[in-house]
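Comments concern the structure below.
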Amino acid sequence: MIVRLKALLPWFLLLFMGVAWGLSFSLARIAVSAGGMAFGITFWQNALCAAILLAYTYARRRPLPVSGRHIRFYFIVALLGTSIPASCFYLAAEFVPAGVLSITVTLIPILTYAIALAMGKEDKSAIRMTGIACGTVAILLLVLPEASLPDRAAIPWVLLACVSSVCYALENIYLAQPGTHETGPVRTACGMNIVSAVIMAPVAIGTGQMFMPSLPLGALEWAVIGLAVITAGAYTAFIFVINIAGPLFASLCGYLITLAGVFWGIALFGETHSPWVWASLVVMLVGLALVTPRAPDHGNEAGTA
């Protein structure tokens, strides 16, 4: 029974990550609509998330390692895992529907395979190469047809959101390297958010995008709190799944994130999408299915599921 539960744990964590991160796109739109700006939102999300995780690490009496090697590690995952991609998403959230933003996340496993292939960490596969092609076609379906998006001016912002997927794919590859697991998922997420907050503070202040929370808490503050809680829980779960099941298995949460993001957008904002957007969603999910191994490996790449 215990063995069976352990085998199912990665799948339960995938479900949690998908539903939670899917909601984050709608929370991002709420935060932006309530007057928050990208760099300020990123800073407060990181700061609150870091506070939550730091309190947890000290409650467990496992203080954060702060050697030069660890700080270098936190800096890399901070850039790839939150500072750059979160800022890109929040910049795009003002102009792109939450459902469309969530579709771009499906690129992460496709790009993870493409980058691993380019680095010689994956073997060539005609089926999985077709998956990469599907990802390209799906993005083209979003940006090329005249009727795909409500506003053609949103196209550059869709492409900016795709930059986030590139960052997350690079992070997947980096976190799969030997020696990146010793800090543990909670402390990695904690260190990452502390460093990202330090990075984003001068950026937000220098660009005039910093804001101070007000009382009573309004839509902006509650949205940022929700984003911080999701980041603390889902990102920690993500690193944990990478550690026990590998980066490609962890990136399967792209399926659930995308579907949950589309339906959260419909439920919270009444979003409607053109046939081109739905076609892009289907093609992207097909590409994800082709890229993902049919049976996870038992090595470093995908681990055991």
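Only the coordinates and a few stated rules stand behind these numbers; no lab work does. Everything numeric in this text was worked out from a predicted model, so none of it was measured. Cβ atoms come from the backbone with ideal geometry, glycine included; neighbour counts cover every protein chain shown.
Taking θ = phi - 60°, what integer Hz values does the Karplus form 6.51 cos²θ - 1.76 cosθ + 1.60 yield along segment 207-223, in sequence order, with x for Gly and Pro?
Rounded to whole hertz, the list is 9, x, 9, 6, 9, 10, x, 10, 10, x, 4, x, 4, 4, 5, 5, 5.
Projecting each Cα onto the charge dipole of the chain (Lys/Arg +1, Asp/Glu -1 at the beta carbon, about the Cα centre), which of 32, 10, 217 comes out farthest on the positive side?
So the residue furthest toward the plus end is 10.
Please report the spacing between the Cα centers of segment 160-195 and segment 216-269 in Å, no decimals.
So the two Cα centres are separated by 15 Å.
At q = 0.14, 0.23 Å⁻¹, work out log10 I(q)/I(0) for segment 47-123 with the Debye formula, treating every Cα as an identical point scatterer and leaving solvent out; two decimals please.
-0.75, -1.08
Take every Cα pair under 8 Å in segment 105-239 that's 6+ residues apart, average their separations, divide by the length, and report that relative contact order as a whole percent. If you can, show how the numbers build up before the last one.
Values: 57 pairs, mean separation 36.6, N = 135.
Computed value for segment 105-239: 27 percent relative contact order.
Would you kindly work out the equivalent ellipsoid of the chain from its C-alpha gyration tensor and give its semi-axes, the square roots of five times the eigenvalues, largest first in whole Å? Don't jump to the answer; show the numbers that get you there.
Working: eigenvalues 146, 142, 57 Å².
Computed over the chain, the values are 27, 27, 17 Å.
State to the nearest 20 debye the size of the charge dipole of the chain about its Cα centre, where the only charges are +1 on K and R beta carbons and -1 on D and E beta carbons.
Working: 14 positive and 11 negative charges, 166 e Å.
The dipole of the chain has a size of about 800 debye.
How are the Cα pair distances of segment 1-135 distributed, in percent, across 10 Å bins from 0?
Pairs per bin, as whole percents: 10, 26, 34, 25, 5, 0.
Among 11, 21, 276, 157, what is the fewest-to-most ranking by other Cβ atoms within 10 Å?
Working: 11 14, 21 25, 276 18, 157 21.
Sorted ascending by nearby Cβ count, the order is 11, 276, 157, 21.
Only counting other Cβ atoms within 10 Å, I'd like 210, 119, 200 sorted with the fewest neighbours first.
Values: 210 17, 119 9, 200 27.
Taking fewest neighbouring Cβ atoms as first place, the list is 119, 210, 200.
Given a Förster radius of 41 Å and the C-beta distance between residue 69 and residue 147 as r, what FRET efficiency does 1/(1 + (r/R0)^6) yield to the nearest 0.05?
On the way: r = 52 Å, r/R0 = 1.26.
Efficiency for this residue pair is about 0.20.
Counting alpha carbon pairs within less than 8 Å and at least 6 residues apart, what relative contact order, in whole percent, applies to segment 14-291? Intermediate values should be presented prior to the final figure.
Working: 441 pairs, mean separation 125.4, N = 278.
It comes to 45 percent, rounded to a whole number.
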